[in-house]
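First the structure, in the form of structure tokens, and then the observations on it.
Computed from the coordinates by the stated procedures, all read-outs in this text should not be read as laboratory data. For clarity, every value in this text was computed on a predicted model and none was experimentally measured. As a convention, Cβ positions derive from the backbone with ideal geometry for all residues, glycine included, and neighbour counts pool all protein chains shown.
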Amino acid sequence: MPFDLTSRLAERRAADLYRQRPLLQTPQGPEVVVDGQPLLAFCSNDYLGLANHPEVRAAFNVGIERWGVGGGASHLVIGHSAPHHELEEALAAFTGRPRALLFSTGYMANLAAVTALVGQGDTVLEDRLNHASLLDAGLLSGARFSRYLHNDANSLASRLAKAQGNTLVVTDGVFSMDGDCADLPALCATAKQHGAWLMVDDAHGFGPLGAHGGGVVEHYQLSIEDVPVLVGTLGKAFGTAGAFVAGSDELIETLIQFARPYIYTTSQPPAVACASLKSLQLLQGETWRREHLQALIKQFRHGAEQLGLTLMPSDTPIQPIVVGESGHALRLAAHLREQGVLVGAIRPPTVPAGSARLRVTLSAAHSSAQVDRLLSALDIAWRALRQECEHA
Ligand SMILES: *Cc1c(COP(=O)(O)O)cnc(C)c1O
């Protein structure tokens, strides 16, 4: 029988892979109400606590008064407003690149950049743990597509040796489900040796990483020659919405001419760009947010190690605890929720089979006392799971 959705959904449920959307009834922040329950949340990507910041909200409101609500049309028709343009210039200055191009989402920025740069006869090489939007972009491009071992420049080199045509190497800057940083110095050197271009999607690095929040490229001090294609998103640490590609004038013109996900979509509401301009200022200027976040990361890692939990090698606000089985991840998340703590259970296909995990994310908006609450809830949840396993 065609379209047997009933059994497809039932199989998904039986494999502990069924997904549900928690209904958020408050703004983003450490303390939320979800499905009617007050919870302390450790699962947002609002790493700097800007999504509900009074100054960002005010900038959004002023933007609406001045520019109305809708973008109205695509950028190439009459949807490219002055706030979009101003934000692009500010993002270019922020990234130290000649130009930046604004997109409505990171997913689209990635589809746009990859498909505009490579096609049939070319090669795209991606880290096997790259974000889904990058992998989808590689498939959509029609280029020969291959995935190298996670963060492994040797594995990349062996694939580069067989590459044909223009070759694009694509990596997350900070890996979204593991929290580790790409080994950009090694990946850059390898790509350069083979005449390939490196594209870095630093959705999770902009904001938390780098002295001024400039992400992994600032952290490693990498120039446009090292990373010709740099992607950032605005829905995470910026606390707003949208994304950008930063690079040379020619790169940006190429995207404007050829990138279908750029050309055939309505621009984001201009007021969102007004809000992003404000959050860019806060993100760059308020160094205390990064410092406080780093202190929380250290506190969490120290506490979790004392509890005997196994962490990933991550210095970023993404602190996953890999548990393996999807069912166990779900049970742990449920035990945490009973204690008023919300952490996401991340399961395949978002992560490789057998590596289901709790994805703890920290924010500058959290307090040290809240991280302590998380740690004691984790302790109790772990004991509860262990007991259940023993009695199973
Ligand atoms: C979230 C994310 C995206 C997608 O960005 P959106 O603006 O949410 O569409 C792209 N890349 C990475 C690495 C991400 O984590």
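Under 1.5 on a/c is rounded, so check that first for segment 197-236, then, if it is not, pick prolate when a/b is larger than b/c and oblate when it is not; a ≥ b ≥ c are the square roots of the alpha carbon gyration tensor eigenvalues. The partial results should precede the final answer.
Numbers: a/c = 2.89, a/b = 1.30, b/c = 2.22.
Cα axes put segment 197-236 in the oblate bin.
Each of T265, V118, L251 was placed along the dipole of the chain (beta-carbon charges, centred on the mean Cα), and the one lying farthest toward the positive end is T265.
Segment 20-61: D in µm²/s via Stokes-Einstein (Kirkwood Rh, Cα pairs, 10 °C, 1.306 mPa s)? Don't jump to the answer; show the numbers that get you there.
On the way: Rh = 11.2 Å.
Translational diffusion coefficient: 141 µm²/s.
Summing +1 for each Lys or Arg and -1 for each Asp or Glu among the other residues whose beta-carbon sits under 11 angstrom from that of R19 gives +3. Applying the criteria of a DSSP loop state and at most 11 other Cβ atoms within 10 Å to the chymotrypsin sites (Phe, Trp or Tyr not before Pro) of segment 220-328 yields Y264.
Taking +1 at the Cβ of each Lys and Arg and -1 at the Cβ of each Asp and Glu, which of V341, P185, Y18 sits farthest along the dipole of the chain towards its positive end, judged by Cα position relative to the Cα centre? Value computed over the given set: Y18.
Mind putting a number on the dipole of segment 54-285 about its Cα centre? Charges go on the C-beta only, +1 for Lys and Arg and -1 for Asp and Glu, and I need it in Debye to the nearest 20.
The calculated dipole for segment 54-285 is roughly 360 debye.
In percent, rounded to a whole number, the relative contact order of the chain is 22, using alpha-carbon pairs under 8 Å and six or more apart.
Placing +1 on the Cβ of every Lys and Arg and -1 on the Cβ of every Asp and Glu, with no other charges, gives the chain a dipole of roughly 680 debye about its Cα centre.
Quick check: residue separation of R57 and S223 times 0.36 nm, minus the Cα distance between them. What number comes out in nm? Intermediate results must be reported in sequence, preceding the final value.
On the way: separation 166, 0.36 × 166 = 59.76 nm, distance 3.33 nm.
The span from R57 to S223 would gain 56.4 nm if fully extended.
Here's the picture: a label point sits 7 Å out from the Cα of A82 along the beta-carbon direction, and within segment 41-71 the residues with their amide nitrogen under 14 Å of it are 63-68.
In this label model, Q164 and Y18 are separated by 4.6 nm, measuring between points 7 Å along each Cα→Cβ vector. Highest-first packing order for the peptide set 98-105, 250-257 is 98-105, 250-257, based on the mean count of other beta carbon atoms within 10 Å.
For the chain, complete DSSP H runs whose alpha carbons reach 15 Å or more along their own long axis and whose mean Kyte-Doolittle score is -0.5 or higher are 54-67, 82-95, 106-117, 270-285, 326-338, 368-391.
For segment 54-285, the alpha carbon positions stretch 55, 36, 28 Å along the principal axes, listed from largest to smallest. From a point 7 Å beyond the Cα of A73 in the direction of its Cβ, which residues of segment 227-271 have a backbone N at a distance under 20 Å? Output list for this probe position: 256-271. The Cα center of segment 152-201 and the Cα center of segment 90-150 differ in position by 12 Å. Here the contact order of segment 1-71, divided by its residue count and restricted to Cα pairs under 8 Å and six or more residues apart, works out to 16 percent. Which shape class applies to segment 196-340: rounded if a/c is under 1.5, otherwise prolate when a/b exceeds b/c and oblate if not, where a ≥ b ≥ c are the square roots of the Cα gyration tensor eigenvalues? Here segment 196-340 falls in the prolate category. Distance between the modelled labels on Q193 and A10, one decimal in nanometres: 5.4 nm (7 Å Cα→Cβ projection). The alpha carbons of segment 141-252 give a radius of gyration and a Dmax of 13.9, 41 Å, in that order.
Once the mean 1/r over all distinct Cα pairs of segment 222-275 is inverted, what Kirkwood radius in angstroms do you read off?
Numbers: mean 1/r = 0.0793 Å⁻¹.
Kirkwood hydrodynamic radius for segment 222-275: 12.6 Å.
Work from the charge dipole of segment 54-285 (Cβ charges, +1 for Lys and Arg, -1 for Asp and Glu, about the Cα centre) and give the residue of G63, S133, A90 farthest towards its positive end. Checked the options; the winner is S133.
Alpha carbon centre of segment 1-66 versus segment 318-392: separation in Å? One Cα centre to the other: 17 Å. Summed over qualifying helices (DSSP H, 4 residues or more, each -39500 (n - 2.57)) and divided by its residue number, the chain shows a 222 nm mean residue ellipticity of -13500 deg cm²/dmol.
Hey, what's the Kirkwood Rh for segment 45-154 if you take every pair of different alpha carbons, in angstrom? If you can, show how the numbers build up before the last one.
Values: mean 1/r = 0.0593 Å⁻¹.
Every distinct Cα pair counted, the radius reaches 16.9 Å.
Charges were assigned to the Cβ only: +1 to each Lys and Arg, -1 to each Asp and Glu. The resulting dipole of segment 136-236 about its Cα centre is roughly 400 debye.
In terms of Cα atoms, the Rg and Dmax of the chain work out to 21.3, 65 Å.
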